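Trainee: Next up is a structure, given as structure tokens.
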Amino acid sequence: MRRLWFVCWVLLAAMPARGAETYSFDATEFQKKPYELNGYVEFRYDRFRLNNSGAQYQLNNYLAPRVNLERTTALFKPSGKMRSGDFTLNARAHVEFQHDTVDSARTGRFDELYASYKPQPGFTLDAGKTALKWGKGYAWNPVGFVERLKDPNDPELAREGFTALSADFIRNFDGLLQTVAFTPVLLPARSHLNGDFGQPGHNNVAAKLYLLYRDTDIDFMFLSKGSRTRRVGVDFSRNVTSNLEVHGEWARVEDVQRRVTDAAGNVTASVANAHSYLLGVRYLTEREATLIAEYYRNGGGYGDSELRGFYQLADSAYRQFLATGVTAPLQRTQNLSQSGYGRPNAGRNYFYLRASQKEPFDILYFTPSVTLIANLNDRSVSVAPEMLYTGITNVELRLRTFFLSGSNYTEFGEKQNRRRLELMVRLYF
């Protein structure tokens with residue numbers, strides 16, 4: 001990995017800056033080509049300052065305690081298209097090599113691989129592995145019924161899709177109702193196909209109805225009962241002014257199973273319907289600063305006292321392990337973590353804020369930003385300053401740091417990491 005970093009920096013030094021580019025116009029560049037290939041290679045270095053008093057650290061590292069963790073990652077993400085008449089074959093691959101002070105791993109898969117048939121502008125049929133994107137939220141999507149969870153720390157990152165059959169029917173009108181689009185989805189789940197979507201042995205049916213009404217985007221979503229429980233949702237997005245956009249989502253998920261523990265280890269199981277919603281704004285100032293703010297209500301999440309009970313149980317199990325060497329209480333607590341308490345944003349009420357400034361002080365191709373995620377119930381926070389530079393042709397440089405803060409028995413105060421430093425170099429082709 002050190003050699004890879006050295007080669008990467010040599011390439012950066014050899015590449016010309018964007019300021020020296022000359023631009024020309026060629027109409028053939030805008031015509032659809034029969035073949036397309038693009039993507040990027042990414043090299044990333046992460047250094048984690050571990051939180052040895054946090055519940056998540058104690059559950060995952062009680063047999064091998066450490067203070068820091070260093071990780072290097074090499075990632076190759078090519079994507080391409082092949083066109084023939086009304087058919088298009090789309091592919092997006094993910095090849096990753098990761099090494100840290102504990103272990104090494106490699107991953108190879110297709111995030112997307114599907115065929116698309118479009119005989120006319122108002123109809124498209126897709127078959128294969130595709131990443132559908134439902135919802136208007138930036139950091140979270142309560143209505144993302146047929147997609148993998150988004151990472152609020154990196155919400156624009158492309159995610160792996162599911163294998164499905166879907167279609168788009170689109171009609172345009174004159175009047176207040178300008179566009180109607182209907183998207184049915186058939187998503188089978190078997191042990192060898194979409195195995196992580198939910199319970200196997202079901203042919204899941206989902207649908208989305210899109211309306212453009214009075215310059216407002218509105219979606220209605222539905223997922224049938226099968227591998228997952230039945231759920232319905234709605235979202236909207238509207239540009240109030242040229243600089244201000246508002247958006248929101250609401251979802252109802254039936255029969256959500258929750259296992260709640262107290263500090264003594266008494267577990268209570270319940271099943272109930274959960275209502276989640278999100279409301280957000282995006283604002284662009286005259287100085288090209290972008291502000292994104294969202295409030296997220298996680299209807300299936302845990303309240304402040306419920307999270308506190310789990311963290312107290314983990315702390316008690318860890319202390320018992322240090323005193324006696326008995327691991328059974330820690331293992332039972334690990335099972336609870338995997339069943340819900342350990343998932344990202346397991347709480348109930350969250351606030352998200354991201355502020356970025358394009359080219360401050362006339363520094364070309366430089367964009368600093370800061371992201372804040374707060375658990376509103378226990379007042380713990382994650383703050384991530386970031387610097388992004390794109391002044392070298394087809395190269396992106398990013399430096400991020402994460403600072404997690406919270407008192408004992410709060411979500412971000414009990415995370416596995418206390419601080420994190422990330423250096424990323426991405427080369428596009």
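Trainee: Quick check for you: which residues of segment 332-373 have the amide N under 20 Å from the point 7 Å beyond the Cα of THR107 toward its beta carbon?
Mentor: Hits in segment 332-373 for THR107 at 20 Å: 338-340, 342-346.
Trainee: For segment 256-262, just list the computed ³J(HN,Hα) in residue order, Karplus coefficients 6.51, -1.76 and 1.60, θ = phi - 60°, integers in Hz, with x standing in for Gly and Pro.
Mentor: Computed from phi, the couplings for segment 256-262 are 7, 8, 10, 10, 10, 10, 10 Hz.
Trainee: Figure the gain on full extension for ASN273 and THR179 (residue separation times 0.36 nm, minus the Cα-Cα span) and round it to one decimal in nm. Walk me through the numbers before you get to the answer.
Mentor: Values: separation 94, 0.36 × 94 = 33.84 nm, distance 3.26 nm.
Here the answer is 30.6 nm.
Trainee: What ranking of ARG171, ARG348, ARG159 emerges when the number of other C-beta atoms within 10 Å of each C-beta is taken as an exposure proxy, fewest first?
Mentor: Numbers: ARG171 11, ARG348 21, ARG159 16.
Fewest to most other Cβ atoms nearby, the residues stand as ARG171, ARG159, ARG348.
Trainee: Anyone know which of ASN68, ASN52, ASN172 comes out most mobile in the 10 Å Cα GNM of the chain?
Mentor: Answer for the Gaussian network model of the chain: ASN172.
Trainee: Separate question: Specify the inter-centroid distance of segment 186-225 and segment 54-73, based on alpha-carbon positions, in whole Å.
Mentor: If we compute the Cα centre of each part, the gap is 37 Å.
Trainee: OK, next. Once each part is reduced to its C-alpha centroid, what is the distance from segment 290-361 to segment 383-429 in angstrom?
Mentor: Between the Cα centres of segment 290-361 and segment 383-429 lies a distance of 19 Å.
Trainee: Once you place label points 7 Å from the Cα toward the Cβ at ALA264 and PHE97, how far apart are they in nm?
Mentor: Roughly 5.4 nm, to one decimal.
Trainee: To the nearest 20 debye, what is the magnitude of the charge dipole of the chain about its Cα centre, counting +1 on the Cβ of each Lys and Arg and -1 on the Cβ of each Asp and Glu? Spell out each step's value before the answer.
Mentor: Values: 53 positive and 45 negative charges, 186 e Å.
Here the size comes out at about 900 debye.
Trainee: Using Cβ counts within 10 Å as a stand-in for footprinting exposure, how do SER84, SER369 rank, fewest first? Before the final figure, lay out each step's value.
Mentor: Working: SER84 8, SER369 18.
Neighbour counts put them in this order, fewest first: SER84, SER369.
Trainee: Could you sort out which of LYS208/LYS358; LYS225/LYS415; LYS133/LYS358; LYS77/LYS225; LYS33/LYS358; LYS77/LYS208 sit more than 31 Å apart by Cα distance in this structure?
Mentor: Working: LYS208/LYS358 35 Å; LYS225/LYS415 34 Å; LYS133/LYS358 27 Å; LYS77/LYS225 34 Å; LYS33/LYS358 33 Å; LYS77/LYS208 29 Å.
Over 31 Å Cα-Cα: LYS208/LYS358; LYS225/LYS415; LYS77/LYS225; LYS33/LYS358.
Trainee: Residue by residue, what Karplus-based ³J(HN,Hα) values in Hz, rounded to whole numbers, does segment 188-196 have, using 6.51, -1.76 and 1.60 with θ = phi - 60° and x for Gly and Pro?
Mentor: With the stated coefficients, segment 188-196 comes to x, 10, 10, 4, 9, 9, 6, x, 9 Hz.
Trainee: In whole Å, largest first, what are the principal axis extents of the Cα atoms in segment 316-419?
Mentor: Principal extents (largest minus smallest coordinate, Cα): 60, 28, 23 Å.
Trainee: OK, next. Going through the DSSP H helices of the chain, which span 15 Å or more along their own axis at the Cα atoms while scoring at least 0.5 as a mean Kyte-Doolittle hydropathy? Mind showing how you got there, number by number?
Mentor: On the way: long enough: 2-14 (18 Å, 1.38); 304-324 (30 Å, -0.45).
Within the chain the helices that satisfy the rule are 2-14.
Trainee: How compact and how long is the chain, expressed as Rg and Dmax of its alpha-carbon atoms in Å?
Mentor: For the chain, the Cα-based Rg and Dmax read 23.6, 75 Å.
Trainee: Moving to a separate point now. Quick one: PHE366, PHE197, PHE145, fewest Cβ neighbours within 10 Å first, how do they rank?
Mentor: On the way: PHE366 17, PHE197 22, PHE145 26.
Least crowded to most crowded, the residues run PHE366, PHE197, PHE145.
Trainee: Testing the spin-label approximation: label points 7 Å from Cα along Cα→Cβ at VAL370 and ILE170. State their distance in nm.
Mentor: 4.0 nm
Trainee: Tell me which GluC sites (Glu not before Pro) from segment 286-362 have a DSSP coil assignment and no more than 14 other beta carbons within 10 Å of their own.
Mentor: Details: sites: GLU286, GLU288, GLU294, GLU306; in loops: GLU286, GLU288.
Those that pass, being in a loop and sparsely packed, are GLU286, GLU288.
Trainee: Using a Gaussian network model on the chain with a 10 Å cutoff between Cα atoms, which of ASP217, ASP100, ASP154 fluctuates the most?
Mentor: Between ASP217, ASP100, ASP154, it is ASP154 that shows the largest mean-square fluctuation.
Trainee: Ordered by residue, what ³J(HN,Hα) values in Hz, to whole numbers, does segment 133-150 give under the Karplus form 6.51 cos²θ - 1.76 cosθ + 1.60, where θ = phi - 60° and Gly and Pro are x?
Mentor: 10, 10, x, 10, x, 8, 8, 9, 9, x, 9, x, 6, 10, 9, 6, 4, 7
Trainee: Along the charge dipole of the chain, which of VAL381, GLY347, PHE236 sits closest to the positive end, that is, farthest toward it, with unit charges on the beta carbon of Lys, Arg, Asp and Glu (+1, +1, -1, -1)?
Mentor: Result: GLY347.
Trainee: Using 0.36 nm times the number of residues separating PHE220 and TYR45, minus their current alpha carbon distance, what extension gain do you get? It would help to have the intermediate numbers written out before the result.
Mentor: Working: separation 175, 0.36 × 175 = 63.00 nm, distance 4.11 nm.
Taking PHE220 through TYR45 to full extension adds about 58.9 nm, to one decimal.
Trainee: Compute the length gained on full extension between MET82 and LEU209: take 0.36 nm times their separation in residues and subtract their Cα-Cα distance, giving the result in nm to one decimal. List each step's numbers first, then the result.
Mentor: Details: separation 127, 0.36 × 127 = 45.72 nm, distance 2.90 nm.
Additional length available on full extension: 42.8 nm.
Trainee: Relative contact order of the chain: what whole-number percent is it, with Cα pairs under 8 angstrom and at least 6 residues apart? Before the final figure, lay out the partial values.
Mentor: Details: 1020 pairs, mean separation 59.6, N = 429.
After rounding, I find 14 percent.
Trainee: Moving to a separate point now. Need one number: nm distance between label points at LEU149 and SER242, each 7 Å from Cα along Cα→Cβ, rounded to one decimal.
Mentor: For the pair LEU149/SER242, the computed spacing is 4.1 nm.
Every read-out reported here was derived from the displayed coordinates using simple, explicitly stated rules and does not represent laboratory data. Please read all numbers here as calculations on a predicted model, not as lab measurements. Ideal geometry is used to build each Cβ from the backbone, glycine not excepted, and the neighbour counts take in all protein chains shown.
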